[in-house]
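Reading through the structure tokens given below for one structure.
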Amino acid sequence: MAKPSIFKILEQSKISPPPNSAPSTSVIPLTFFDFPWLFFPPSKPLFFYEYHHSTSHFLSATLPRIKLSLSLTLQHFFPFAGNLVLPSESDDKAKIIYTSDDSVSFSVAESNGDFSHLTGNHPRSVTEFHSLVPELASVHQEVNLPLLALQVTVFPEVGLCLGLAYHHVVADGRTFNNFIKTWASFCRESSFSMNTLPSYDRTVIIDRNGIEDILLNEWCKRKSSSIKIITGKEIAIDLSDLAQATFMVRSNQIEIIKTWITDQCKKKNEPQPADLSSYVITCSLAWVCLVKAKTLEYARNEKILGEDPIFFGFNAGGIARLDYRLPTAYFGNCIGFGRPATTMGELLSEDGIIVAAKAIRNTIKKLDKSLLGEADKWISDWEELLGSDLNVIASGSPKLDLYSTDFGWGRPKKIEEISIVKMNAISLTEARDFEDGIEVGLALPKLQMDAFTFFFNQFLNILQ
């Protein structure tokens, strides 16, 4: 158990792009890729860094550099400093508006908490992370909504925590990765200059099937009837019993699982799933172990789950999957949604991981063939997915290589995604210390966390 910590805010300020460096006014309409994210809470990543200096040294030597580099970054990524303006009329459209008066909320805090404890992989109470996350309102009925807030917390002589909260409606993981890597480069290198600037041209998004109108109508219907998928109400969760932990899946374990799947399929004369990526294997393992951990409670309540459908939601990058060219530096969302399904009985069977792997891989193949094939159902599908705490969502991508985000203090000691607490999600990041491995983060009540740990380790140990 971590010792009680003292936390205090040292400074609160606003950071803007340098004067006359960004457009005085810019209006960026949302596309159909952005609309589904109106229903989700802000993403809340935490980047922990070792930092062996005092608070006074940080305030005098490091903080000015952080602020200046953030300002320089915002001149290129100015929508992060703008506001989301929601539709006020049925024929209006949601948009991001930036003006020269806009800025990003920036807080500085100090904590004497146990930095080593917070950056571990073992279960830690989710309440221990809350003070490290900046405040950013979710989408309710607000007309103008800030899109990004930042906080740096100093652990004197030990480390720093860079906490961010940003609305996914402004940026997918690829765009956010470009933003934070650019900020880190400006902070680390005085002479850093960007080779490729973000592209804000929304006309490059082609909507052949009227998906925008369909999803906009979905938004207006839910807004007018006060129906929200997830952010229109505060979800009642007992945070005091929730723990957040990280589980490692190493590359050699992934290869062992692939071999096991192949052998099992051969024994039963079943088709072998081809091209099983590390992502598919890791998601399959986490999906099955999570469902097993959660269904223990349902079994105690004598609920029959054998034929009930179970879903797994994930995102798939869109730039390489579209049938037309899009700038790689496109600013905004360009991802598709996958929602593989199977039955509870199949997922809990001895071949549950094989069933999961086939379902996820088949869905990826569908998205490879037609990213927008079911785009008109993105909102309604995710509404169904989020309707049960037995369904699972995957957040993040190991491809982003977030552990290479170096502000001049070295690689992050640990990265945590805090938004998974209220989304029934797992976070996926490339492993920091193992090449080609993946870190799986999740937050669960203690009994479910113990069960997940047992099933996760049991499966990996059996294959050794």
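With N as its number of residues, the chain has a Cα radius of gyration that, divided by 2.2 N^0.38 Å, comes to 0.98.
Taking every C-alpha pair closer than 8 Å and separated by at least 6 residues, the mean separation divided by the residue count of the chain gives a relative contact order of 21 percent. According to the calculation over all Cα-Cα pairs in the stretch 345-388, the P(r) per 10 Å bin from zero is 25, 37, 35, 3 %. Normalising by residue count, the stretch 1-157 has a Cα convex hull of 139 Å³ per residue. Among the protein heavy atoms of the chain, carbon and sulfur supply 50% of the accessible surface, probe 1.4 Å, non-protein parts ignored.
A simple spin-label model places the labels of Asn461 and Asp207 5.4 nm from each other, with each point 7 Å out along Cα-to-Cβ. Note on the chain: with charges restricted to the Cβ of Lys and Arg (+1) and Asp and Glu (-1), its dipole about the Cα centre is near 440 debye. Qualifying GluC sites (Glu not before Pro) in the stretch 365-448, where qualification requires a DSSP coil assignment and no more than 13 other C-beta atoms within 10 Å, comprise Glu435.
Short-range pairs are left out: with C-alpha atoms under 8 Å and at least six residues apart, the relative contact order of the stretch 273-403 is 35 percent. The phi-based Karplus calculation (6.51 cos²θ - 1.76 cosθ + 1.60; θ = phi - 60°) puts the 3J(HN,Hα) values of the stretch 394-408 at 9, 10, x, 8, x, 5, 6, 6, 5, 6, 8, 7, 10, 8, x Hz, whole numbers, x for Gly and Pro. When the pairs Lys44/Lys446; Lys8/Lys446; Lys294/Lys413; Lys366/Lys399; Lys267/Lys358 are compared against a 25 Å limit on Cα-Cα distance, Lys8/Lys446; Lys294/Lys413 fall above it.
Under the simplified labelling scheme, the Asp433-Asp401 pair shows an inter-label distance of 2.2 nm, with each label point 7 Å from Cα along Cα→Cβ. Normalised by the residues of the stretch 381-464, what does the relative contact order come to in percent, with Cα pairs under 8 Å and at least six apart? Value for the stretch 381-464: 25 percent. Whole-Hz Karplus values for the stretch 340-352 come out as x, 9, 8, 9, 4, x, 5, 5, 8, 6, 5, 9, x Hz, taken residue by residue from phi with 6.51 cos²θ - 1.76 cosθ + 1.60 and θ = phi - 60°; glycine and proline positions read x. Might you tell me the accessible area per residue for the chain, computed with a 1.4 Å probe and given in Å²? Heavy-atom SASA per residue in the chain reads 43 Å².
The values are calculated or read from the model by the stated rules, or taken from the named source; none is laboratory data. Just so we're clear, the structure is a prediction, and the values are computed from it rather than from any experiment. When we count neighbours, we look across all protein chains shown, and the Cβ atoms used for this are built from the backbone with ideal geometry, even at glycine. Side chains included, ligands, DNA and RNA excluded: accessible areas come from the protein's heavy atoms. Shrake-Rupley method; radii C 1.70, N 1.55, O 1.52, S 1.80 Å.
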